[in-house]
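The values are calculated or read from the model by the stated rules, or taken from the named source; none is laboratory data. Note that the structure is predicted; figures quoted are calculated from it, not measured. Note that we place each Cβ from the backbone using ideal geometry, even for glycine, and neighbour counts take in every protein chain shown. With ligands, DNA and RNA removed, areas are computed over all heavy atoms of the protein, side chains included. Shrake-Rupley method; radii C 1.70, N 1.55, O 1.52, S 1.80 Å.
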Amino acid sequence: MTTTEQATDPLETVSDRDQVFIGGRWVDSTGDEWIEVVDSYFERTAARVRAATADDMARAVAAARTSFDKGEWASKPIAERAAIIDTIADRLEARTAELTTLGVVEVGVPVPVSAMTQQMTVGLFRAVAEEARKVTLREDRTRADGGISRILKEPSGVVAAIIPWNGPIGTIAFKVIPALAAGCSVVLKTSPEAPLSPSVFADVVGELVDEGLIPEGVLSVLVADREVSESLVTDPRVDHITFTGSTATGRRIMNLAGDRVAKVSLELGGKSAAIILDDADLNTVMQNLPMAGCMQSGQACIALTRVLVSAARHDEVVEAYKAALGMIPIGNPWEETNFLGPLTSARQRDRVEGYIEAARRDGAEVVHGGGRVGDQGFFVQPTIIDNVRNDMTIAQEEVFGPVISIITYQDEDDAVAIANDSEYGLSGAVFTSDLEHGFEVAQRIRTGTVNVNTSVIDFTLPFGGYKQSGVGREGGPEGLEEFFELKTVHLPAPQPEA
């Protein structure tokens, strides 16, 4: 959208949602509370969404439990479920313009980034469908006694999927779509900051329920506060909880689920390090690192926010990084020319600014950015903080903003030790002129993903973290496997004929 086109307020196209989506139908809530979705550039309410009550959540779980136990969805051939997922992808693709607008409103990313994200997500839906077609649900193995043991993959049951605000449709592709492909019934709990695009997903599923392609009860989509959300996690009718969000909330979910030993999959935070070895090509580094650290204005768990460099190359790396960040267009997300937008909320902006000030108090130096952009929107400038020690708060806690910490290492072993000195283990990178050596260093880094001389993001491959960055994997066949349970059925050895 260009500046000229903004003569029409883009928020005028965003509608309120005055019902809750339970079991495949939009129905009235048992409560009258609203959640306001605030546009992060205009700093005003874009839409209101009906908040779910504990009773609404219980109705959704009951619908999921009944639908799963009846088995209408789970008993469909997996290829048939895959075909329905392709249909969902087709219909979402037809609503790309609407989803693009909502991505700008909910996350604050500029129009071109939002459009790219929607297209990528539709591709992820289709990738899950394709993986589902490859799944073998039954395998016979011969035992030592000559008998047959039959290994079955069965859906894990009723799934509670809890997703964040920084990529709602993309996270649906990671959680809800694999769960549906596996034959599960799902209650999707969306973030209060980003419930609008999941409502479009609900619309599409509702159409397929009306057309008889998806049985009633298979999917509910609700937005709720913490107390109501915890009622979903603790409901004994829920078999499997899958969550993406902060590590603190992930710990809370594990504690709640542990009381009844519910299955849990978690994709949590990160504080990922990029190691620049002395033989690295600086052009290659700068073609990858700036956006890898500041994607979505830093509101991405995989962002490379710790840059590790030796004293010998420190100055040139910092100067090149400053120049690269200065070239990234940041501003009004409704303008096509910008690539970075505001943070998602005033609260998030204040949080990021608090971390920058804490770094100053700890003795680090802000050498680029650190302030706001203009007088409208929840912006924080892309920021470089130098002279950071790895024991500082800025180096240990996930900021979730466009803030890069520069840490100097002594030698390669020290660099690896610093990279691993974190409670997180989600992502990382190594830059070197020797690819094989880069691979060797990557093997020493305790994270779920490591890039060598690149910044690949491919969510059709297994994605997840070590340590407190999560439990389980999303993406690829591994992500689909999360939503199956294994059953072994022992059959006797054939009896000799009389």
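Quick look at the values:
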quantity	calculated
Out of 67, 40, sole residue that is closer than 30 Å to residue 372 by Cβ, polar (S, T, N, Q) and surrounded by 20 or more Cβ atoms within 10 Å (Cβ to Cβ)	40
Subset of region 471-490 that is part of a strand (DSSP E or B) and in contact with a helix residue (DSSP H, G or I) (Cβ under 6 Å, 6 or more places away or on another chain) - its residue that is nearest to residue 138 (Cα to Cα)	484
Output for region 422-445, where each listed residue is under 20 Å from the mean Cα position of the chain (by Cα) and assigned to a loop (DSSP other than H, G, I, E, B)	423, 424, 425, 426, 427
Residue identified as small (Gly, Ala, Ser) and either within 26 Å of the chain's Cα centre (by Cα) or assigned to a helix (DSSP H, G or I) (or both) among 493, 395	395
Selection within region 151-188 - within 17 Å of the chain's Cα centre (by Cα) and among the polar types (S, T, N, Q)	166, 171
Selection count where residues are closer than 17 Å to residue 299 by Cβ and either among the hydrophobic types (A, V, I, L, M, F, W, C) or open to solvent by 10 Å² or more (accessible area, probe 1.4 Å) (or both), scope region 392-412	7
Some residue of region 431-439 being open to solvent by less than 70 Å² (accessible area, probe 1.4 Å), of a type outside the set (S, T, N, Q) and under 16 Å from residue 247 (Cα atoms)	no
Residue list for region 232-263, filter: part of a loop (DSSP other than H, G, I, E, B) and in contact (Cβ under 8 Å) with a residue 40 or more places away in the chain	235, 237, 238, 239, 245, 246
Region 264-289 residues that are within 17 Å of residue 419 (Cα to Cα) and free of Cβ contacts under 8 Å to residues at least 60 places away in the same chain, paired with ones that are surrounded by fewer than 24 Cβ atoms within 10 Å (Cβ to Cβ) and basic (Lys, Arg) (beta carbon under 7 Å, 6 or more apart)	278/313
Any hit, region 452-470, residues being assigned to a strand (DSSP E or B) and of a type in the set (Gly, Ala, Ser)	yes
Every residue from region 218-228 that is open to solvent by 20 Å² or more (accessible area, probe 1.4 Å) and in a loop (DSSP other than H, G, I, E, B)	225
Residue, least open to solvent (accessible area, probe 1.4 Å), within region 22-37, restricted to residues that are farther than 16 Å from residue 192 by Cα and free of Cβ contacts under 8 Å to residues at least 12 places away in the same chain	27
Selection status of residue 314, closer than 28 Å to residue 392 by Cβ and either within 17 Å of the chain's Cα centre (by Cα) or not aliphatic (A, V, I, L, M) (or both)	yes
Among (1) open to solvent by less than 20 Å² (accessible area, probe 1.4 Å); (2) in contact with a Gly (Cβ under 8 Å, 6 or more places away or on another chain); (3) among the small types (Gly, Ala, Ser) - the single one residue 257 does not satisfy	(2)
Matching entry among 47, 79, 89, 97 (being open to solvent by less than 10 Å² (accessible area, probe 1.4 Å) and in a helix (DSSP H, G or I))	89
